[in-house]
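The values are calculated or read from the model by the stated rules, or taken from the named source; none is laboratory data. From a predicted model like this one, the values you see are computed outputs, not experimental measurements. Ideal geometry is used to build each Cβ from the backbone, glycine not excepted, and the neighbour counts take in all protein chains shown. Please note that ligands, DNA and RNA were not included when accessible areas were found on the heavy atoms of the full protein model with its side chains. Shrake-Rupley method; radii C 1.70, N 1.55, O 1.52, S 1.80 Å.
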Amino acid sequence: MAAKKLNYHLMPRKGWLNDPNGLVFFHGRYHIFYQADEDDLQGRMNKAWGHYSTTDFVTYTRHELAILPDSEYDMNGAYSGSAIIKEDTLYLFYTGNVRYAGNHDYIHSGREQNLICVESKDGFNFKNKRCLLSNKDYPRDCTKHVRDPKLFISEGNYHLLLGARLHDDTSCVLEYISKDLNSWKYFQRYTPKKDVGYMIECPDLLKNESNSFIMCCPQGFVKEQEIFKNVYDCGYYKIKGKDLVEYQALDYGFDFYAPQTFYNSKRLIMMAWIGMPDNEYLDIYDDWNQTLSMPRQIEFKEGRMIQKPIDEILSLRKEKKKYCRSFAISKSSNIEFEADNEFVLSLNDIKMVYKKNELCLDLSKCNCNRNKRYIQNIKVNKMSIFIDETVLEIFINDGRYTMTSRFYDSNNQLNIKTEGIKEMITYEMKGVKIL
Ligand code: FRU
């Protein structure tokens, strides 16, 4: 199926994309690496690191693959990881995945997940690949699923977090410490007290003035609450001593996973994968599949993470128009309105209903086994909706809540119908430039 390219979201050069990796500001450029499988539209063959860079989040350069799974330590995938800078050298740390042939469950046996490091002086060419830790170095109660290193500096030492699945099917985040980035020692672990799944993927550490948080993707929650309906979850725990408490969902849509923040950037900027592992997707087009979220600036207010599109994204808006009731706009648009009342909004087959302090996103007519997602106990007063062909990013109440999803329809434009909304402002979104 041929499909229109996205306008202002980063797609893979070809083939498959998942998590953003190694997000870093280095030598005046933002580097955005990502999980790339250029040989398989479903991402099952050869995970490598794809690479974009930009100075302004408007014009991007698409580079050659930065890391290939070409050694004995990562031959079945250069999995997710992060970046750190030391003495003007950029270091990327990631998980080298190795699968053994034979009769294995690949949880308790049959797999290696190695901590691997590569380095670069210019941010584009990486060398000196080495394996720094392997499964024998992880605590004994860990299964073979220990991955996704996220690096940071604290009190003059280098630290890294790894998500882990334990033998009793609970999860934790391991922390290692190093003086030189080469030799790593086990330091401590953080354990969820409630909302415990069997695995945590892609941990990241975030701080505000009073608290630290681990943003991550827990797998295997017991799905009692309406908000935890996706295959896996994505949210953040507050760190209390060694405990992870007060889990909050980060996004309330269908497709949001593996968020990571930029290292060494003045603003706290996060990007995520608008997708989810083990989910069904329709966007298996001729030559590409999956996309990254827009870069979002993060702040903490009232103990919650607030997410807003960065200013550079807002600079892509042009042709401001005002509408009420029914109208049609381009499928590369931003729509904003104030909500004083309950409302119903349809964008082609996408339906949003705000009623009795509940916001429902209904994608059941947009294919792919999608039904409804909800935000409960909410007073909606402001909506900002970004549409990019098959991508939907909704920011509610100035980013206090978000709903992110793919959707599929065959219309060339967006037909909009409203009930209960006085006035809507729309902008056409210019595309980013890819060199
Ligand atoms: C999350 C994830 C990571 C892993 C990577 C492999 O989507 O499963 O845990 O490192 O994707 O592509």
Y323 fails exactly one of (1) touching a Lys or Arg at 6+ places or on another chain (Cβ under 9 Å); (2) open to solvent by less than 60 Å² (accessible area, probe 1.4 Å), namely (1)
### Query
Can you find a residue in region 60-67 that is away from the ligand (no atom under 16 Å from the Cβ), of a type in the set (S, T, Y) and over 26 Å from P203 (Cβ atoms)?
yes
- Residues in region 217-224: is at least one assigned to a loop (DSSP other than H, G, I, E, B) and either modelled with pLDDT of 95 or more or touching a Phe, Trp or Tyr at 6+ places or on another chain (Cβ under 6 Å) (or both)? yes
Taking region 401-435 and keeping residues within 24 Å of the chain's Cα centre (by Cα), open to solvent by less than 60 Å² (accessible area, probe 1.4 Å) and modelled with pLDDT of 95 or more leaves Y401, T402, M403, T404, S405, M429, G431, V432
* Does R29 satisfy being of a type outside the set (V, I, T) and more than 20 Å from I313 (Cβ to Cβ)? -> no
Of those in region 160-182 that are assigned to a loop (DSSP other than H, G, I, E, B) and without any contact (Cβ under 8 Å) to a residue 24 or more places away in the chain, the residue surrounded by the fewest Cβ atoms within 10 Å (Cβ to Cβ) is D180
Residues in region 301-313 that are more than 30 Å from K14 (Cβ to Cβ) and at pLDDT 95 or above total 4
With the first residue restricted to region 80-104 and required to be without any contact (Cβ under 8 Å) to a residue 60 or more places away in the chain and over 18 Å from F124 (Cβ atoms), and the second required to be open to solvent by 60 Å² or more (accessible area, probe 1.4 Å) and in a loop (DSSP other than H, G, I, E, B), Cβ contacts under 6 Å at 6 or more apart or on different chains are G96/Y73; V98/M75
- Message: Take the conditions closer than 23 Å to F57 by Cβ and not in a strand (DSSP E or B) and apply them to D398. Does it pass?
- Response: yes
Query raised in the report: Is there a residue being touching a Ser or Thr at 6+ places or on another chain (Cβ under 6 Å) and of a type in the set (D, E, K, R) anywhere in region 353-365?
Result: no
Of the residues in region 346-364 that are in contact (Cβ under 8 Å) with a residue 40 or more places away in the chain and under 20 Å from Y281 (Cβ atoms), the one that is most open to solvent (accessible area, probe 1.4 Å) is D349
When every residue in region 30-55 that is acidic (D, E) and modelled with pLDDT of 95 or more is compared, the one farthest from the ligand (Cβ to nearest atom) is E38
**Asked** Do the conditions hold for D56, that is, is it touching a helix residue (DSSP H, G or I) at 6+ places or on another chain (Cβ under 7 Å), farther than 29 Å from N411 by Cβ and of a type in the set (D, E)?
**Response** yes
* Asked: Looking at region 271-278, is at least one residue among the charged types (D, E, K, R) and either more than 12 Å from the ligand (Cβ to nearest atom) or not assigned by the TED database to the domain that holds I214 (or both)?
  -> no
